[in-house]
1. Give a residue-ordered list of calculated ³J(HN,Hα) values for the range 19-28 (Karplus: 6.51 cos²θ - 1.76 cosθ + 1.60, θ = phi - 60°; whole Hz; x for Gly, Pro).
2. Just 388, 208, 281 to compare: in a GNM of the chain, with alpha carbon springs under 10 Å, which one fluctuates most?
3. I need the peptides 223-230, 314-321 ranked by packing, meaning the mean over residues of other C-beta atoms within 10 angstrom, with the highest value on top.
4. Below 19 Å, Cα to Cα, which lysines can residue 15 reach? Residues fewer than 8 away in the same chain don't count.
5. Just the number: Rg to Rh for the range 302-409, Cα atoms, Kirkwood Rh, two decimals.
6. Taking N as the number of residues in the range 1-45, what is its Cα Rg relative to 2.2 N^0.38 Å?
7. Order the peptides 285-291, 343-349, 196-202, 232-238 from the highest to the lowest mean number of other Cβ atoms within 10 Å of their residues.
8. Using only Cα atoms, locate the centre of the range 59-131 and the centre of the range 1-55, then give the distance between them in Å, rounded to an integer.
Amino acid sequence: MHAWPASEVPALPGKGRDLRIHDTATGGRVTLAPGPVARIYVCGITPYDATHMGHAATYNAFDLVQRVWLDTKRQVHYVQNVTDVDDPLLERAIRDGIDWVGLAERETALFREDMTALRMLPPQHYIGAVEAIPGIVPLVERLRDSGAAYELDGDIYFSVDADPHFGQVSNYTTELMRHLSAERGGDPDRPGKKNPLDPMLWMAAREGEPSWDGASLGLGRPGWHIECVAIALDHLGMGFDVQGGGSDLIFPHHEMGASHAQTLTGEFPMAKAYVHAGMVGLDGEKMSKSRGNLVFVSRLRRDGVDPAAIRLALLSHHYRADWEWTDQVLQDAVERLGRWRAAVSRPDGPSADALVEELREALSDDLDAPAALAAVDRWAALQAAEGGTDDSAPGLVSRAVDALLGVAL
Ligand code: 5CA
Ligand code: ZN
């Protein structure tokens, strides 16, 4: 699949700092010091509806990770999937009486437009679940042949007990895992499973649903977690730097994915850091396609909202916080954008060298975007109050805000 066009990332004077980031698995900060090429996998959308502010906030967090790395003069190898076949997508297509392929294509196209407008850096490999099937089938066969997976009425399940490290991404209790499994696509109550938490790797063809040739697995379609693992292992290999997504992916998705990968390769861990963004809510509930309480990026764009303001609204919250989208959040961002643009439109201003270092410090410190915004606010306030004589300062601020925050002034 093709991704979307990259906006240019200006180079800044000096060199950025290594990223210290919160890792869900260890519950603490890790300092990531990748080699010349940093490797990141971010879970992509299930394209049955448009990109909402929750999605955008999560992709914004991982865009910042890349910008911090690029500022350290590293290259970034970024992989993202599209879950272009799964239960919610098929259910929506049936509900709306449309073709599921067309639905996925339409919503993926809209996602690309939203990401482009928000200046999110594109992945080098943007891979759909359907196109990954030929790579998924042999992985499931290997798991089954090694005894780490088993068949139940034609479906193939992964045995979580095959991975001695199972549970070490989320560190959740069995009770909580069971509850979340039922809520997020699992089937803990299906009779005949070895462990109620065991997730499906391959679902045998169902009447009226699409299916593919799974060689010795028979006709069917892949489970959700193995999809991301197959794509990540194919393009990044084991031990990559960051596995990213929203906090609703901690369990079961990232827990199961890590177990699949670790069992397949015998290596541990799959990722050096499991990084999770908080949930964005609306009216007291998590914003979600299934609940329908959504504010869409495309809708705001159509209403004439500057994408840079949307981006500033996302940046005004720490990525790990759960927060509520309100009109006020957007209004504040529009006003901030106006102040910043006015400040950089003058021919000179107060020196911005210290500001660049403050931005670097804030973002390398677990992506503290609110602290980064506060630093730019201080510079803009000084510019408004006193001005300055440094004629390179406004340009440097523009480039730094673009390079590190993805906001075009
Ligand atoms: N296709 C799978 C991942 S392989 C999936 O979860 N798709 S999704 O469309 O449901 O979500 C895409 C990304 O947005 C995920 O990282 C998810 O955690 C994140 N996300 C979904 N809802 C919210 C929300 N309300 N706030 C923040 N992030 C969210
Ligand atoms: Zn995923």
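The values are calculated or read from the model by the stated rules, or taken from the named source; none is laboratory data. Model, not experiment: these values are computed from the prediction. Positions of Cβ are backbone-derived with ideal geometry, glycine not excepted, and every protein chain shown enters the neighbour counts. SASA here: full protein model, heavy atoms, side chains in, ligands and nucleic acids out. Shrake-Rupley method; radii C 1.70, N 1.55, O 1.52, S 1.80 Å.
1. 7, 9, 9, 6, 10, 4, 5, 8, x, x
2. Greatest mean-square fluctuation among the candidates belongs to 208.
3. Numbers: 223-230: 26.9, 314-321: 20.5.
Top to bottom by mean Cβ count within 10 Å: 223-230, 314-321.
4. 73
5. Radius of gyration over Kirkwood radius for the range 302-409 works out to 0.97.
6. Compared with the compact-globule rule of thumb, the range 1-45 sits at 1.56.
7. Numbers: 285-291: 15.4, 343-349: 17.0, 196-202: 25.1, 232-238: 18.9.
Averaged packing, sorted descending, gives the order 196-202, 232-238, 343-349, 285-291.
8. First find each Cα centre; the distance between them is then 13 Å.
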